[in-house]
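The values are calculated or read from the model by the stated rules, or taken from the named source; none is laboratory data. All values reported here derive from a predicted model rather than from experimental measurement. All Cβ positions, even for glycine, are placed from backbone atoms using ideal geometry, and neighbour counts span all protein chains on display.
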Amino acid sequence: MNNSVGSTGRVLWAGLRALLVLTVICGVLYPLAVTGIAQAAFPGRANGSEIKDGSGRVVGSELIGQTYLTGDEPDLRWFQPRPSNGLGSNSVNTQYKLILSGATNRSGDNADLIQWVKDAKAAVVEDNSVNGYTVKPSDVPADAVTSSGSGLDPHISPEYAKLQVHRVAERNHLAVARVDRLVADHTDGRILGFIGEPRVNVLELNVALRELIDRQ
């Protein structure tokens, strides 16, 4: 009996020591080491890939999309991101909210999805057709009318950005050529030259647009 109790006690004490040692290593030392390496080697990414405006104020992350609204309507002074339907119209994530993310998960022949795309295309055509520049439905790229898999995509295609140039220039009383150049300067190519597609970070572009407006 005493031997059994003693053996049990030794096993429990060994288990407790293992728990304490592993807690220190895995719960304290390892996180500190990883955090320290990340802060030293990649401080920007380790701290959330923050984007700052001209005054140094943090305005968001380059990894998360934002909306530009006046009330519930798009603020047409700014470049607009992709739609963010999230998990659907009944979801808490309808407008780039970070409670959760996800796709609509609707099939290509789903009536709701088809109507969303039609409505989004009509809005893009109407919003971006300005004096002297008319957008045709065939000009509207896919990313202008569909949300991404996460619903939080911070990028749009160069085609969608260029489609918005005339409207942004008119709304902000800027020359079209200056706004077009702004888009070109903020267009990123394929990663390593062959991975992915060219893209434009909407938040970075709008921060640059704000600086251009302020310099007028």
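Considering region 139-175 alone, what residues qualify as being free of Cβ contacts under 8 Å to residues at least 24 places away in the same chain and hydrophobic (A, V, I, L, M, F, W, C)? Answer for region 139-175, where residues must be free of Cβ contacts under 8 Å to residues at least 24 places away in the same chain and hydrophobic (A, V, I, L, M, F, W, C): Val140, Ala142, Val165, Ala169, Ala175.
Just wondering, is there one or more residues in region 198-207 that are at pLDDT 95 or above, outside any helix (DSSP H, G or I) and charged (D, E, K, R)? Scanning region 198-207, I find at least one residue that is at pLDDT 95 or above, outside any helix (DSSP H, G or I) and charged (D, E, K, R), so the answer is yes. Would you check which residues across region 127-154 are over 30 Å from Ser61 (Cα atoms) and either in a helix (DSSP H, G or I) or not assigned by TED's automatic domain parsing to the domain that holds Gly60 (or both) and list them? The answer is Pro137, Ser138.
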